[in-house]
Amino acid sequence: MHNMLTKLSLVLILVLFISACDTNCISVTDEELEKIGKLIFINEGAGKVENLTTWNEGEEFASLGIGHFIWYPKDKEYRFYEIFPIAYEFIKSEGTNPPDWMEEMPVFDLPWDSREEFYSDFQTPQMVSLRQFLLETIPQQSLFMAGRLEKSLPKILEAAPEESHKHIKKQFFRVANSPMGIYVLVDYVNFKGEGILESERYNARGWGLLQVLEGMEGTEEGLPALQEFADGAERVLLRRVRNSPPERGEKRWIPGWKNRIKTYTSDEVAAYYVSGSQTKEPDYSNLMESIQRIYKDLVCGLR
């Protein structure tokens, strides 16, 4: 675990430094990456094991793992980016052992065709083994999500008009160089994507990281940068809801989205995030107890 996080720390430092050119190098510690993973698990699933496998009402796909990675049923494709198969391959590449039934699938599609079927099988050996796999690979999922941020800025710049590149980079590193800024960026890019896919738009308007950065105008780092990012995130998500097809009923997601964004400027989350370093390797056999304690101490009242 330590070697894996150290490897990503060095990669992030190098990539962010090269991308910044005129920006200070951003250092991401092992402890920071561990905390990012735990906080995202809290944001996505309240730190509960059963929320590692979910299928939200009104959606066409299951959401799996601490990042609620999308996985579509067979022969069904929708506008949202299906990322679980990519995350799964990465997790396997880190030396983990998935359930046999997952490796034996002839086509890697979600084996449940509907939300009703998904929850009727919720306590079957197949589903339980999936949750156990996702629980045991939380460190690898955290690593995958941090890696997604590493790749996001080049993708965003490639998709954006050249004249906006300087502004986007400035705002990206303005947030990244702020205390807790890497958590904010990792969380949002895994929450709502890079904002570069044409399929992830309503009325030609996106809601990803690109759209938030485009709308930022300030220059100061620290809390002003995080607050402006949070305000911008809320703004593009409310616009998404206004532009969404009425039959999707996306208005019901607004309270949860707002509460998640509140963690970007929360004193309680910041206190946890910048707390002292651990002196020994975390015990992942007791991870759920740890996450539930963090949730109770830090995030109750925010969701």
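The values are calculated or read from the model by the stated rules, or taken from the named source; none is laboratory data. From a predicted model like this one, the values you see are computed outputs, not experimental measurements. Here the Cβ is made from the backbone with ideal geometry for all residues, glycine too, and neighbour counts use every protein chain on show.
Checked against (1) crowded, with 21+ Cβ neighbours inside 10 Å; (2) modelled with pLDDT of 85 or more, ASN43 passes all but a single condition, namely (2).
All but one of (1) assigned to a helix (DSSP H, G or I); (2) loosely packed, with under 14 Cβ neighbours inside 10 Å hold for GLY58, so report the exception by its number. If we test GLY58 against (1) assigned to a helix (DSSP H, G or I); (2) loosely packed, with under 14 Cβ neighbours inside 10 Å, just (1) comes out false.
Please determine, by comparing only the residues of the stretch 97-144 that are hydrophobic (A, V, I, L, M, F, W, C) and in contact with a strand residue (DSSP E or B) (Cβ under 7 Å, 6 or more places away or on another chain), which one is nearest to ASN43 (Cα to Cα). Checked the stretch 97-144; the qualifying residue nearest to ASN43 (Cα to Cα) is LEU134.
For the stretch 209-235, a tally of residues being in contact (Cβ under 8 Å) with a residue 24 or more places away in the chain and under 29 Å from ARG248 (Cβ atoms) returns 11. One residue stands out among those in the stretch 235-286 that are of a type in the set (Val, Ile, Thr) and farther than 19 Å from GLY206 by Cβ: the one that is modelled with the lowest pLDDT, which is THR279. When the test is whether a residue is under 15 Å from the mean Cα position of the chain (by Cα), modelled with pLDDT of 90 or more and under 20 Å from GLU136 (Cα atoms), PHE84 passes it. Scanning the stretch 205-253 for residues that are surrounded by 14 or more Cβ atoms within 10 Å (Cβ to Cβ) and among the hydroxyl-bearing types (Ser, Thr, Tyr) gives a single hit, SER244. Cβ-Cβ contacts under 6 Å between residues 6 or more apart (or on different chains), taken from a first residue in the stretch 46-68 that is closer than 19 Å to ASN259 by Cβ to a second residue that is assigned to a loop (DSSP other than H, G, I, E, B) and at pLDDT below 85, are absent.
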